[in-house]
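**Student:** Handing you a structure now.
What follows draws every value from the coordinates through simple rules; no lab data is involved. On a predicted model such as this, the values are computed, not experimentally measured, just so you know. So basically every Cβ, Gly included, is an ideal-geometry build from the backbone, and we count neighbours across all protein chains shown.
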Amino acid sequence: MRAWVLERQAKIEERPLKLVEDYPDPEPSRGQIRIKVKSCGICRTDLHIAEGDLPLHKSPVILGHEIAGIVDKVGEGVRDFKVGDRVGLTWLYSTCGSCKYCTSGRENYCPNRVRTGWDVDGGFAEYVVAQEGYALNLNGVPLGFDDLAPLMCPGVASYLAFELASPKPGDRLGIIGFGPTAYYLTKIANGLGIEVYVSTRAKRHRELAEQLGAAWIGNLLEEAPPRKLDCIVSFPPIGEAVERALEALNPGGTLVLAQVASTPITIGRYENLWGKTIKTVYNVKRSTSRAMVELAKRIDMSIEKRVFGFEELQDAMIEFGKGRIEEMTSVLKVSP
């Protein structure tokens, strides 16, 4: 098969990915399916692995964990998928299934979890194998593969943030920052009757938030929203935003920190924290991903994107790393 392979890490401008025309086809073992990859989203985590911000866990490795395609082969014992099914695969490739986290419905904390495109080969290739129990059945989702692929990462991550924030119809949800995960979160909230208040500085992101029906668009670091909010999800790694967000919450409100890093967080006034809850995002579990897939069957989860041809991956990642892609997300079209 054709595959983009990473053997050594280097700055993306040095082109560390190599297009291999005859990489061995993976074969599904018992309980596995093989996916003919149609599209695979390009994530910043892929860039971090390629450039060495995250260590290599295997070499060579095929990156890519926002995978959408078709089942083209099934291993022995597979019951839930058949050849021809539309299928997705996320960052969560597998877990141990036996630790205290896995046995209590908290597999996202499993210390032995395996990550797609890092611990095992991912979707920047014509084929990838997946554990049957961790693949997502996408039959019935009215989206093309180019839209299904990013649903597997920023899409499911947005639903995790939504679950943690727990807004109810009629509530007011604040969103700080407006990348692809916030884009999906806005769609989810609007589709479920929840009012959205967006804090972002970028003119283009303000325009997108307005198009999606945000009730208020401003900059929380400079101005308070016109009404107190019931919950807030914050994406930028900006510690000073935390106290401003707490100030904007109603008593009993929840602040979800969805960033993976942050500048120092200081809460100077305890009364801003009193009676409020702070939660953090920590990986995604299968129940969250499945819930997002079900939601996508009745709420439009298409996303603004730039689609690249298979041979363009390295150039796409260079453009992505330099911040030259204006669209919400980038997708690699692996096969027609």
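**Student:** Take every DSSP beta bridge whose two residues both sit in the chain, then give the antiparallel share in percent to the nearest 5. Intermediate values should be presented prior to the final figure.
**Tutor:** Values: 31 of 58 bridges.
Taking every DSSP beta bridge within the chain, about 55 percent pair in antiparallel fashion.
**Student:** Once you put a point 7 Å from the Cα of Ala224 and another 7 Å from the Cα of Glu271, both along the Cβ direction, what distance in nm separates them?
**Tutor:** 1.1 nm
**Student:** Express in whole angstrom the spacing between the alpha-carbon centres of the stretch 67-103 and the stretch 299-336.
**Tutor:** Taking the Cα centre of the stretch 299-336 as reference, the centre of the stretch 67-103 is 25 Å away.
**Student:** Here is a follow-up. Report ³J(HN,Hα) in whole Hz for each residue of the stretch 129-141, in order, from the Karplus equation J = 6.51 cos²θ - 1.76 cosθ + 1.60 where θ = phi - 60°; Gly and Pro get x.
**Tutor:** Along the stretch 129-141, the couplings run 9, 9, 6, 3, x, 10, 7, 10, 7, 9, 4, x, 8 Hz.
**Student:** Report, ordered by chain and residue number, the lysines lying within cross-link reach of Lys38, taken as a straight Cα distance under 16 Å and ignoring same-chain residues fewer than 8 apart.
**Tutor:** Once the sequence-local lysines are set aside, what remains near Lys38 is Lys73, Lys305, Lys333.
**Student:** Another question about this same structure. With a ≥ b ≥ c taken as the square roots of the eigenvalues of the C-alpha gyration tensor of the stretch 32-103, please select rounded if a/c is under 1.5 and otherwise prolate if a/b is larger than b/c or oblate if it is not? Mind dumping the intermediate values first?
**Tutor:** Values: a/c = 2.30, a/b = 1.30, b/c = 1.77.
The shape class here is oblate.
**Student:** So, one more: Mind giving me the nanometre distance, one decimal, between the label points for Ala215 and Glu7, set 7 Å out from Cα along Cα→Cβ?
**Tutor:** Those two pseudo-labels are separated by 5.7 nm.
**Student:** Still on this model: Can you put Ile49, Ile175, Ile299, Ile12 in order of Cβ neighbours within 10 angstrom, beginning with the fewest?
**Tutor:** Details: Ile49 24, Ile175 31, Ile299 14, Ile12 21.
Neighbour counts put them in this order, fewest first: Ile299, Ile12, Ile49, Ile175.
**Student:** May I ask you to list the trypsin sites (Lys or Arg not before Pro) in the stretch 63-163 that are in a DSSP loop and have at most 13 other Cβ atoms within 10 Å of their Cβ? Let's see the in-between values first.
**Tutor:** Numbers: sites: Lys73, Arg79, Lys82, Arg86, Lys100, Arg106, Arg113, Arg115; in loops: Arg79, Lys82, Lys100, Arg106, Arg113.
Here the trypsin sites (Lys or Arg not before Pro) that fit, given the DSSP loop and packing criteria, are Arg79, Lys82, Lys100.
**Student:** Which of the lysines could a cross-linker bridge to Lys58, judged by Cα under 19 Å and excluding same-chain residues fewer than eight apart?
**Tutor:** Reachable lysines: Lys11, Lys18.
**Student:** Also, I was wondering about something else. Chymotrypsin sites (Phe, Trp or Tyr not before Pro), restricted to the stretch 212-311: which are DSSP loop and have at most 14 other Cβ atoms within 10 Å?
**Tutor:** Trp274, Tyr282
**Student:** Here's a follow-up. Report the label-to-label distance for Asp300 and Lys322 in nanometres (one decimal), using points 7 Å from each Cα along the Cα→Cβ vector.
**Tutor:** With each label point 7 Å from Cα toward Cβ, the separation is 3.3 nm.
**Student:** Determine the dipole magnitude for the stretch 230-318: charges of +1 sit on the beta-carbon of Lys and Arg, -1 on that of Asp and Glu, nothing else is charged, the reference point is the Cα centre, and the result goes in debye to the nearest 20. Display every interim value, and only then the final one.
**Tutor:** On the way: 11 positive and 11 negative charges, 96 e Å.
With only Lys, Arg, Asp and Glu charged at Cβ, the dipole is about 460 debye.
**Student:** To the nearest 20 debye, what is the magnitude of the charge dipole of the chain about its Cα centre, counting +1 on the Cβ of each Lys and Arg and -1 on the Cβ of each Asp and Glu? Don't jump to the answer; show the numbers that get you there.
**Tutor:** Working: 42 positive and 43 negative charges, 164 e Å.
So the dipole magnitude of the chain works out to roughly 780 debye.
**Student:** Another question about this same structure. One quarter of the convex hull surface, Cα atoms only: what value does that give for the stretch 156-280 in nm²?
**Tutor:** Values: hull surface 27.1 nm².
Averaged projected area of the stretch 156-280's Cα convex hull equals 6.8 nm².
**Student:** So, one more: If you average the C-alpha positions of the stretch 239-283 and of the stretch 176-238 separately, how far apart do those two centres end up, in angstrom?
**Tutor:** First find each Cα centre; the distance between them is then 16 Å.
**Student:** To the nearest 20 Debye, how big is the dipole of the stretch 156-280 about its Cα centre, given +1 on the beta carbon of each Lys and Arg and -1 on that of each Asp and Glu? Please report the intermediate quantities before stating the final value.
**Tutor:** Details: 13 positive and 12 negative charges, 27 e Å.
The dipole of the stretch 156-280 has a size of about 120 debye.
**Student:** Using the C-alpha atoms of the chain, what convex hull volume per residue, in cubic angstrom, is computed?
**Tutor:** Working: hull volume 45.8 nm³, N = 336.
Considering the Cα atoms of the chain, their hull volume per residue is 136 Å³.
**Student:** Do any trypsin sites (Lys or Arg not before Pro) in the stretch 273-319 lie in a DSSP loop with no more than 16 other beta carbon atoms within 10 Å, and if so, which? Mind dumping the intermediate values first?
**Tutor:** Working: sites: Lys276, Lys279, Lys285, Arg286, Arg290, Lys297, Arg298, Lys305, Arg306; in loops: Lys276, Lys285, Lys297, Arg298.
Loop-located and lightly packed - Lys297, Arg298.
**Student:** Got a sec to turn the phi values of the stretch 29-36 into Karplus ³J(HN,Hα) couplings, 6.51 cos²θ - 1.76 cosθ + 1.60 with θ = phi - 60°, whole Hz, x for Gly and Pro?
**Tutor:** Once θ is set to phi - 60°, the couplings for the stretch 29-36 become 8, 4, x, 10, 10, 9, 10, 7 Hz.
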